[in-house]
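Let me begin by presenting the structure, written as C-alpha cells, before commenting on it.
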Amino acid sequence: MTTARRLPAIVLTTVVLGTLAAPAYGQTAEIPTFRTERVYFNCAGNVKLQNVALLNGEIPSWDTSAPGSATQGNGCGMYENNLNQAGLNAEFKGTFTGNLDNLTVEVHNMGVSNDPTDNKMRLIVQLVVDDEPLAETSSADFPTVRSSTGLTEKVTYTFTELNFDDEIGDGQQVHQVYLAVRSSGTETQSAWVWDASEVPAGVTFNPATLEQTQIPVNRGG
C-alpha cells in the first residue's frame with residue numbers, strides 16, 4: 001500500500017492562510033465613487049428682480065425639483081448693465097453630499113446678440129467649494145446656444161478635477177458650493193434668468209459627460 005505524502009506543516013499553513021486572505025470572487029474594492037445629481041436654481045425671496053434679493057443678502061440656491069413653466073408665473077432673473085457691471089454677479093449657493101470630481105453649470109441669458117452667427121458670450125465665472133476658491137476665470141468667450149424662441153442664450157461649462165474624493169463609496173460629506181457668473185463683453189444690458197422650465201438653469205454634479213467648455217481646477221494635483 002502506498003502511503004500518501006504529507007505536505008510540510010509550514011507549506012500547509014501558508015496555503016490555508018493565503019486562501020483565507022484572498023478576496024471573494026466578484027468582491028467590490030473599497031474605492032471612491034461619484035453619484036450624479038441634477039439640481040435647478042431657485043429664486044431667492046419673493047421678488048422677480050433678483051438684484052433686490054442679493055442687495056438684501058439673499059443668495060439663490062438650488063434643489064432637485066424641476067421648475068414649472070414661466071406661463072404659470074415661474075421664473076426670475078438678475079439684470080446686468082454694462083455701465084455698472086463691476087462686481088455685479090449672478091450668484092448661487094447650495095450644497096452637494098458626497099465625493100465630487102466634476103460639475104457642470106448651465107445658465108441662460110436674455111442679452112442675445114443681434115448677430116445670429118455670433119454664438120458666443122464673454123464671461124467671468126467663479127467656483128468656491130467649502131470656502132476654498134477653486135476657480136475665477138479671466139474674461140473669455142464662452143459658446144452659446146440660442147433658444148428656439150430666440151429670446152435667450154444658453155451657456156454650459158464644466159469645472160473638472162475638483163478632487164474631493166476622500167470617501168469610500170459615494171460619500172457622506174456635505175460640501176458647500178458657491179457659483180458666480182457675469183458677462184464682461186460689450187453688451188449694454190443683459191439678464192440672467194432661471195427657475196422656469198423654459199430656462200432650466202442649474203448644476204449637474206459628477207455629470208456622465210463633460211461639456212465642450214472645460215475649466216480645469218486640478219485641486220491638489
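The values are calculated or read from the model by the stated rules, or taken from the named source; none is laboratory data. Predicted model only: the values in this text are computed from it and were never measured. Heads up, the Cβs are rebuilt from the backbone with ideal geometry, glycines too, and the neighbour counts pull from every protein chain shown. These area figures cover heavy atoms from the full protein model, side chains too; ligands, DNA and RNA do not enter into them. Shrake-Rupley method; radii C 1.70, N 1.55, O 1.52, S 1.80 Å.
From most to least packed by mean Cβ count within 10 Å, the peptides 135-141, 172-178, 124-130, 105-111 give 105-111, 124-130, 172-178, 135-141.
Computed FRET efficiency, Cβ-Cβ of ALA208 and THR137, R0 22 Å: what is it to the nearest 0.05? With R0 = 22 Å, the Cβ-Cβ based efficiency is 0.35.
Between the amide H of ARG122 and those of PHE142, SER184, GLY185, distances stay under 5 Å, these residues lying 5 or more places away or on another chain, with hydrogens modeled in the peptide plane. Ranking TYR40, TYR157 by solvent-accessible area of protein heavy atoms (1.4 Å probe, all protein chains present), from largest to smallest, gives TYR40, TYR157. Couplings for segment 65-72, taken from phi via the Karplus curve 6.51 cos²θ - 1.76 cosθ + 1.60 with θ = phi - 60°, read 7, 5, x, x, 6, 5, 5, 9 Hz in order; Gly and Pro are left as x. Under a 5 Å amide H cut-off, with hydrogens placed 1.01 Å from N, SER61 pairs with ASN42, LYS93 among residues at least 5 apart or on other chains. For LYS120, the aspartates and glutamates whose Cα comes closer than 18 Å to its Cα, not counting residues fewer than 8 places off in the same chain, are GLU80, GLU106, ASP141, GLU153, GLU187, GLU211. Sequence-ordered 3J(HN,Hα) estimates for segment 31-47 from the Karplus curve with 6.51, -1.76 and 1.60 and θ = phi - 60° stand at 10, x, 10, 10, 7, 9, 9, 9, 10, 10, 5, 9, 7, 8, x, 10, 10 Hz, glycine and proline given as x.
For segment 138-202, the convex hull spanned by the alpha carbon atoms encloses 156 Å³ per residue. Here the dipole of segment 93-182 is about 660 debye; that uses its Cα centre as origin and unit charges on the Cβ of Lys and Arg (positive) and Asp and Glu (negative). Spin-label model, TYR79/ASN46: points 7 Å from Cα along the beta carbon direction are separated by 2.1 nm. Backbone amide hydrogens, once placed in the peptide plane, bring THR152 within less than 5 Å of SER147, excluding anything fewer than 5 places away on its chain.
The label point for ASN218 and the one for LEU55, both projected 7 Å from the Cα toward the Cβ, are 4.2 nm apart.
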